[in-house]
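Encoded as structure tokens, the structure appears first; notes follow it.
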Amino acid sequence: MKVLSELKQKLIELLREDARYTPELLATMLGASEEEVKTAIQELEQEHIIVKYATVVNSSKLDDEKVTALIEVQITPERGRGFDSIAERVYLYPQVKSVYLMSGAYDLLVEVEGRNLKDVASFVSQKLSTLESVLSTKTHFILKKYKQDGVIFEDHEEDHRLMISP
């Protein structure tokens, strides 16, 4: 585990908040020079601490009928490699968006995206559950996302009624 400078730690916090912040704005926010910020970002990217800049999309506002499922997977760890080998085989499938090693009743949590329910079910039955180390799967379909990566998706209309006082 690498210990980061205070500048890099604060820089990461700000970029997590909004990856669109410009080096100029970040420098102002951090009380640093623009060159220091650019150098720090470049170093964080080269060290694979920052690995990607992503956009959070509210899919419910799009004409996009994709289905997302979270799949609990129980596996038998492989001798000498533990869970890593099976996790690698799972995350290489293009349908798989995320894979996490978990504590508790199951070993891996796999996030899968498909065109429809049948597409995800086919992936689970034909690819995931047939892997040698997989003992069982339990699939949970996401029906609605309320919040993702700190972003709330719900549009709340303001109440325009007048206050009534007694």
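The values are calculated or read from the model by the stated rules, or taken from the named source; none is laboratory data. Here the structure is a predicted model, which means the values were calculated and not measured. Quick reminder, even Gly has a Cβ in these numbers, built from the backbone with ideal geometry, and neighbours come from all protein chains shown. In case anyone asks, the SASA skips ligands and DNA or RNA and just uses the protein heavy atoms, side chains included. Shrake-Rupley method; radii C 1.70, N 1.55, O 1.52, S 1.80 Å.
For a protection proxy built on the mean count of beta-carbon atoms within 10 angstrom, sort 30-41, 132-143 highest first, please. It would help to have the intermediate numbers written out before the result.
Values: 30-41: 15.4, 132-143: 13.2.
Taking the mean over residues of other Cβ atoms within 10 Å, the ranking is 30-41, 132-143.
Among the aspartates and glutamates, which have Cα under 12 Å from the Cα of Lys127 when same-chain residues fewer than 8 positions away are ignored?
Asp119
Sequence neighbours fewer than 8 away in the same chain don't count; with that in mind, list the lysines whose C-alpha is under 22 Å from Lys144.
The reachable lysines, counting only those whose Cα sits under 22 Å from Lys144, are Lys61, Lys66, Lys97, Lys118.
Two decimals, Cα atoms only, Kirkwood Rh: what is Rg/Rh over segment 6-46?
Numbers: Rg = 8.8 Å, Rh = 9.8 Å.
Dividing the radius of gyration by the Kirkwood radius yields 0.90.
Tell me what the chain gives for mean residue ellipticity at 222 nm when only DSSP H runs of n ≥ 4 count, each as -39,500 (n - 2.57), the sum divided by the residue total, rounded to 500 deg cm²/dmol.
Per the formula, -8500 deg cm²/dmol.
What part of the accessible area of the chain, given as a whole %, is carbon or sulfur when the probe is 1.4 angstrom?
51 percent
Residues of segment 81-166: accessible area per residue at 1.4 Å, in Å²?
78 Å²
Could you work out the percent of alpha carbon pairs in segment 31-119 separated by over 20 Å, rounded to a whole number?
Percent of Cα pairs beyond 20 Å in segment 31-119: 58.
Could you tell me the extents of the chain's C-alpha atoms along the three principal axes, largest first, rounded to whole Å?
Ordered largest first, the chain gives principal extents of 57, 54, 34 Å.
Taking the alpha-carbon set of segment 1-69, what are its Rg and Dmax in Å?
15.4, 45
Give me the distance between the Cα centres of segment 1-71 and segment 77-114, rounded to whole Å.
After rounding, the separation between the Cα centres reads 25 Å.
Roughly how many debye, to the nearest 20, is the charge dipole of the chain about its Cα centre, given +1 on each Lys and Arg Cβ, -1 on each Asp and Glu Cβ, and no other charges?
Values: 21 positive and 29 negative charges, 146 e Å.
About 700 debye.
From the phi of every residue in segment 63-68, what ³J(HN,Hα) in whole Hz does the Karplus formula 6.51 cos²θ - 1.76 cosθ + 1.60 yield, where θ is phi - 60° and glycine or proline is x?
Those phi angles translate into 8, 10, 8, 5, 10, 10 Hz.
Select from Val56, Pro77, Leu14 the residue farthest towards the positive end of the dipole of the chain; place +1 on Cβ of Lys and Arg, -1 on Cβ of Asp and Glu, and compute about the Cα centre.
Checked the options; the winner is Pro77.
Which aspartates and glutamates have a Cα lying under 12 Å from the Cα of Lys38, excluding residues fewer than 8 positions away in the same chain?
Glu24
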